[in-house]
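The values are calculated or read from the model by the stated rules, or taken from the named source; none is laboratory data. Given the structure is predicted, the values throughout are model-derived calculations rather than measurements. No Cβ is skipped: glycine too gets one built from the backbone with ideal geometry, and neighbour counts run over all protein chains shown. Heads up: the accessible areas ignore ligands, DNA and RNA and are worked out on the full protein's heavy atoms, side chains in. Shrake-Rupley method; radii C 1.70, N 1.55, O 1.52, S 1.80 Å.
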Amino acid sequence: MTAHAHALGMQPDEAVAFVLDQLRSHGHRITGARSAVIEALAQIGGHPSAEQLAERVRARYPAIHRATVYRTLETLSELGVVTHVHIGGGASTYHLTPGTAANGHLHASCRGCGRIVDLPGDLLAPVVERLARESEFELDPAQVALSGRCRECRDATG
């Protein structure tokens, strides 16, 4: 079970079935390319980039073009079953998030090694509430990664 599937309380095949059901219920066709992208997301674990997903899909299904992977990720993001997180330097990573309301989480990115760490989804709730109340601004912290240094990188530099 991948880290994200485990956090979602789902096996990878359950996550794939859930996402395919979401596509169908919103009137989207289930194509081989879409299924391949969803399967790769469910099984790759971690926080892969679109490029890493495209490489993984193309290794197994050479006829699936990179542009198709990117379009599929966009569609899945719009449906709310994939979260894309902006990492420093303009990069984005992706992961399945079926049932995000109950299982959402935030991300932190290590400036030293690039590792991405999952954080509790409610960690910034007081900040989100305060901004909404005082600034009339709705913050969506799930879309970006907080930047800092992981324990290993801090320990390595003393």
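Side notes on the structure shown:
- The simple spin-label model puts a point 7 Å past each Cα toward its Cβ; for Ala59 and His86 those points are separated by 3.0 nm.
- Packing-based ranking of 73-83, 128-138, 22-32 yields 73-83, 22-32, 128-138, ordered from highest to lowest mean Cβ neighbour count within 10 Å.
- Compactness check for the chain: Cα Rg over 2.2 N^0.38 Å is 1.11.
- Between Ala17 and Val144, the FRET efficiency from the beta-carbon distance, with R0 = 30 Å, is close to 0.50.
- Point-to-point label distance, Arg133-Arg111, nm (Cα→Cβ direction, 7 Å offset): 3.1
- Cysteines in the chain that, by Cβ-Cβ distance, have no pairing candidate under 4.7 Å: Cys113, Cys153
- For the peptides 54-60, 147-153, residues were scored by their other Cβ atoms within 10 Å and the scores averaged per peptide; the highest-first order is 54-60, 147-153.
- Accessible area (Å², per residue) of the chain, counting only protein heavy atoms and a probe of 1.4 Å: 58
- In units of the rule-of-thumb radius 2.2 N^0.38 Å, the stretch 48-129 shows an alpha carbon radius of gyration of 1.23.
- Helix axis angle, 32-44 relative to the chain longest principal axis, alpha carbon, degrees: 40
- Leu106 long-range amide H proximity, modeled H, under 5 Å: Leu119, Gly121
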